[in-house]
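The values are calculated or read from the model by the stated rules, or taken from the named source; none is laboratory data. Quantities reported herein were computed from a predicted structural model and do not represent experimental measurements. Here the Cβ positions follow ideal geometry from the backbone for every residue, glycine too, while neighbour counts run over all protein chains shown. SASA here: full protein model, heavy atoms, side chains in, ligands and nucleic acids out. Shrake-Rupley method; radii C 1.70, N 1.55, O 1.52, S 1.80 Å.
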Amino acid sequence: PRAPAGMGDVPEPCPQAPLAVLSKVELRVSCKHLLDRDTLNKSDPCVLLLMQSQGQWMEVDRSEVIKSNLNPVFAKIFTVDYYFEEVQKLRFEVYDSHGQAGVGTHDDDFLGGMECTVGQIVAQKRVTKPLFLKYGKFAGKSTITIISEEISGNNGYVELAFRAKKLDDKDLFSKSDPFLEIYRIDDDRSEQLVYRTEVVKNNLSPIWEPFKVSLNSLCSCEEKRKLRCVVWDYDSRGKHDFIGEFFTTFEEMQKAMGENKVQWDCMNPKYKIKKRNYKNSGVVVLLDLKIHRVYSFLDYIMGGCQIHFTVAIDFTASNGDPRNSCSLHYINPYQPNEYLKALVAVGEICQDYDSDKKFSALGFGARIPPKYEVSHDFAINFNPDNDECEGIQGVVESYQSCLPKIQLYGPTNVAPIISKVARVAADEERTKEASQYFILLILTDGVVTDMADTREAIVRASYLPMSIIIVGVGNADFTDMQILDGDDGVLRSPKGEPVLRDIVQFVPFREFKNVSGAATGPC
C-alpha cells in the first residue's frame, strides 16, 4: 500500500523484487494422430516441456515413453509456477524414443511441437492445438491437448499400495502382464488419468510398487469424487488387453488405513452379460494408504504459530580481520556493517510474529574459546544451554562482544546449523502442539563448502515447519548459492530426492544495500 500524501517517505521500489507466485499449475498432456516414424511398429512417443528463460528455451521436464501408440495419454503430470503478471512461454515437443538410447532430438525422430503461454492454458483450462514440424509445416493431422489445473492450498498427498489376486489370464503361452490405471471422473464426465503403475510381467497376482499422488490430482480434494480403476494386460505393440475395472472413491480407500485392507471385484462388463455364473476377473486389494498433509508458511501463521527466529553468522577467515576497516566484520561506530544491516532488516519483520522477542544467535567457521577448536554451531553469547538474546538489539550486542574473543577460521559449513534448527523443529512437531514456526537466517560471505550435506539437510528440513533465508554479504561470486534457492528448478538431495516445499530464499545483499532503510526488509 502507498503512504498517503504527507505521510513521510514513500519506500523506494525494490531492485528485481521477486514476483509473487500466484499458484502452481498441473499440466496433463495427450496427443492424437501422431506421425508413424517406425517401419515395423508404431512410434514410441515422449513429450518434452521447455520454458523460455531470457530468450533461451530450457527443458523443464519430460514425460515417460509410451510404447507403440499414436494416440498417447501421458501419465506424467507437469508442474509449473504460474506468475499472473508475466508472459511465460512454453513449448511442448514430441519425439519418437528409441529404447535405451533415450529420446533422440534428430529431425527424423521429431513428431512435432507446439508453443503457447501458461496464461493461455490457465484461462482456457483445456487447449488443443496442431503439432508443427520444422519451418511451420503441419505434422499431418497430429494434435496435442494440454489440460491445466491450479493446485489449491490443500496440497497434501497420499501414498497408495495396490496388489491384485487371481486375475484373468489373457496370454496363450504365459500369464498376463498386468498394470493398473486410476482415472478421476470430473464434473463434465470426462476422465483424467491420475496414475499408471509399472507392468508386472507374467503374474496373475501382482504386487505393484507403492506410489504417491497429490490429493488435488487424485480427487480434486473431494473425498466423494468417483474414481475408475482399470487393470490391463500389457502388450508391447500397444494393443493392451482389458482385464477388468472397478469404481471407488478416496473416501472408500481411506478404510485401508492402519491394519485394514480394502478390496474390489475387478469386473469385465462383457463377461458379466455373457457368462451366467461370472463372479469377477480377479480382485484388486489396497494394502495400505498413508495421508501426508503439506502445510504452507501461511497455514502455520494463520493457525497461530509463533515464529522462532534464529540467526547464524559466518565467522570464516575470508571475511577479513575484524580490526581492519576492509573487513566485512569491521565494527564502525558510525555505520553498521553489512552483517548488521541484513540482520536488522530481516529481524525487524520477523519480531512482529514472536511474542517473547527472544532470538537464537549462532556462529560458524571460527575457533572459539576456551580450547580454540573450530565450531560450526556455537552460541555467540557463549552460553551453550541458552543461545537466546533479548530482541534484535541483544543479538547485535552479543555479536559485537563475541568478535574480539574468537579467531576467524573455516571452512564455510552450514549443514550443521540447518540440522540443529531442524532437530528443534522436529521435536516441536512431535509435541503435537506445533505452536512454533522456525526461521533460520544465515549470513555468509561466500559459497558454502559442504554443498552436498547442505542440500541433504535442506531436503530433510522441507518436511518441517521451517524456512531458511540465506543472505550473501560482500562481493563474492554467489552463483553456486542460487542452486539452493530452488527457483530455477527443484532442489534435490545428492541422492535425487526433491524438496517437499521450497523453503530456501537466497539474496545477495549487494543488490539491496542501496535501498533506503525501511524498504530493505520487504525487499
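A few notes on this one:
- Filter result for Asn277 (farther than 30 Å from Arg184 by Cα, assigned by the TED database to the domain that holds Glu222 and open to solvent by 60 Å² or more (accessible area, probe 1.4 Å)): yes
- Residue match in segment 176-187 (condition: over 27 Å from the mean Cα position of the chain (by Cα), open to solvent by 50 Å² or more (accessible area, probe 1.4 Å), polar (S, T, N, Q) and at pLDDT below 95): no
- The set of residues from segment 188-198 being outside any strand (DSSP E or B) and surrounded by 14 or more Cβ atoms within 10 Å (Cβ to Cβ) comprises just one member, Thr197.
- Tally, over segment 144-175, of residues that are open to solvent by 30 Å² or more (accessible area, probe 1.4 Å), touching a residue at least 12 places away in the same chain (Cβ under 8 Å) and closer than 17 Å to Ile243 by Cα: 9
- Test: residue in segment 146-169 that is of a type in the set (Lys, Arg) and either at pLDDT below 90 or farther than 20 Å from Val231 by Cα (or both): no
- Pairs with Cβ under 6 Å, 6+ apart, first in segment 51-72 and in the same structural domain as Thr145 (by the TED database) and of a type in the set (Lys, Arg), second buried (at least 19 other Cβ atoms within 10 Å of the Cβ) and part of a loop (DSSP other than H, G, I, E, B): Lys67/Asp44
Results for (1) at positive phi; (2) at pLDDT 95 or above; (3) hydroxyl-bearing (Ser, Thr, Tyr), shown as yes or no for each residue.
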residue: Asp385; (1), (2), (3): no, no, no
residue: Val396; (1), (2), (3): no, no, no
residue: Leu408; (1), (2), (3): no, yes, no
residue: Ile417; (1), (2), (3): no, yes, no
residue: Thr431; (1), (2), (3): no, no, yes
residue: Ala434; (1), (2), (3): yes, no, no
residue: Tyr437; (1), (2), (3): no, no, yes
residue: Gly446; (1), (2), (3): no, no, no
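- Filtered by the rule that a residue be out of contact with any strand residue (DSSP E or B) (no Cβ under 7 Å at 6 or more places or on another chain) and either aliphatic (A, V, I, L, M) or open to solvent by less than 10 Å² (accessible area, probe 1.4 Å) (or both), segment 403-413 gives a lone residue, Leu403.
- Of the residues making up segment 37-48, at least one is under 23 Å from Gly119 (Cβ atoms) and surrounded by 14 or more Cβ atoms within 10 Å (Cβ to Cβ).
- Inclusion of Leu500 among residues that are within 12 Å of the chain's Cα centre (by Cα) and on the phi < 0 side of the Ramachandran plot is warranted.
- Verdict on Val294 being open to solvent by less than 90 Å² (accessible area, probe 1.4 Å), of a type in the set (A, V, I, L, M, F, W, C) and outside any loop (DSSP other than H, G, I, E, B): no
- Applying the criterion of being at pLDDT below 90 and surrounded by 14 or more Cβ atoms within 10 Å (Cβ to Cβ) to the residues of segment 81-103, the residue that is farthest from Asp44 (Cα to Cα) is Tyr83.
- Search result, residues across segment 238-280 that are of a type in the set (A, V, I, L, M, F, W, C) and in contact (Cβ under 8 Å) with a residue 60 or more places away in the chain: Ile243, Phe250, Met253, Cys266
- Tally of residues being open to solvent by 80 Å² or more (accessible area, probe 1.4 Å) and over 20 Å from Ile442 (Cα atoms) across segment 311-324: 1
- The residues of segment 200-213 that are open to solvent by less than 30 Å² (accessible area, probe 1.4 Å) and part of a strand (DSSP E or B), listed by number, are Phe211, Val213.
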